[in-house]
1. When we measure straight from the Cα of K40, which aspartates and glutamates land under 12 angstrom away, once same-chain ones fewer than 8 places off are left out?
2. Calculate the FRET efficiency for R34 and R111 from the Cβ-Cβ distance with a Förster distance of 30 Å, rounded to the nearest 0.05.
3. Quick one: net charge around S110, please, counting Lys, Arg +1 and Asp, Glu -1 for every other residue with C-beta under 14 Å from its C-beta.
4. Compute the relative contact order of the chain as a whole-number percentage, counting only Cα pairs closer than 8 Å that sit 6 or more residues apart in sequence.
5. Can you compute the modelled spin-label distance between R13 and Y135, with each label point 7 Å from Cα toward Cβ, in nm?
6. Work out how much length Q22 to D3 would gain on full extension: take 0.36 nm times their residue separation and subtract the Cα-Cα distance, in nm to one decimal.
7. State the extension gain, in nm to one decimal, for the chain segment bounded by A68 and E49, taking 0.36 nm per residue of separation less the distance between their alpha-carbons.
8. Please say if the stretch 60-129 is rounded, prolate or oblate, where rounded means a/c under 1.5 for a ≥ b ≥ c the square roots of the C-alpha gyration tensor eigenvalues, and otherwise the choice is prolate for a/b larger than b/c and oblate otherwise?
Amino acid sequence: MVDYLLKPIPFERFYQAVQKAQRRLRPAAVEAARPYLFVKTEHRLQRVELAEVRYLEGLQNYVIIHTATEKIVARQTINSLEASLPAAAFARVHKSFIVSLAHIHTMERSRIFLQATAGAPLIIPVGDAYRAAFYARL
């Protein structure tokens with residue numbers, strides 16, 4: 001058994017269960033080769049290239065995916081998206097933030113500075129509950 005769903009099944013919970021089943025059935029090499037992710041936005045599924053994602057910001061039942069060129073509002077929770085991201089490339093640093101390790105410029109105690117496309121760098125907070133695990137990964 002992979003997951004257990006109770007009726008009525010919200011789409012986000014169904015999607016999370018499907019992704020969990022896919023991860024279990026898919027070999028690790030195939031997972032590493034997939035450079036994109038599909039997210040539900042309004043009434044469609046939108047493809048997001050993982051290499052372009054700078055960070056994800058959780059807002060209750062929505063997630064804003066920040067890339068260098070756009071902000072994509074996904075109708076999913078940050079927990080469900082975190083489960084579908086490659087752990088080697090992304091890190092949860094706060095209850096509301098997941099960052100792309102490739103876009104980190106510098107770090108300072110409880111703040112991460114991401115590479116800025118223009119102007120001042122973006123600052124992401126590191127939560128107390130996530131700090132030790134995050135720095136241990138680095």
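1. By straight Cα distance, K40 reaches E12.
2. 0.45
3. Here the charged neighbours net out to +2.
4. Relative contact order for the chain comes out at 16 percent.
5. 3.9
6. Value of the extension gain: 5.7 nm.
7. Using 0.36 nm per residue and subtracting the Cα-Cα distance, I get 5.7 nm.
8. Because a/c hits 1.5 or more and a/b fails to exceed b/c, the stretch 60-129 counts as oblate.
No value in this document is a laboratory result; all are computed from the given coordinates. All figures in this text were calculated on a predicted structure; none of them were measured in a lab. Neighbour counts run over all protein chains shown; Cβ positions are idealised from the backbone, glycine included.
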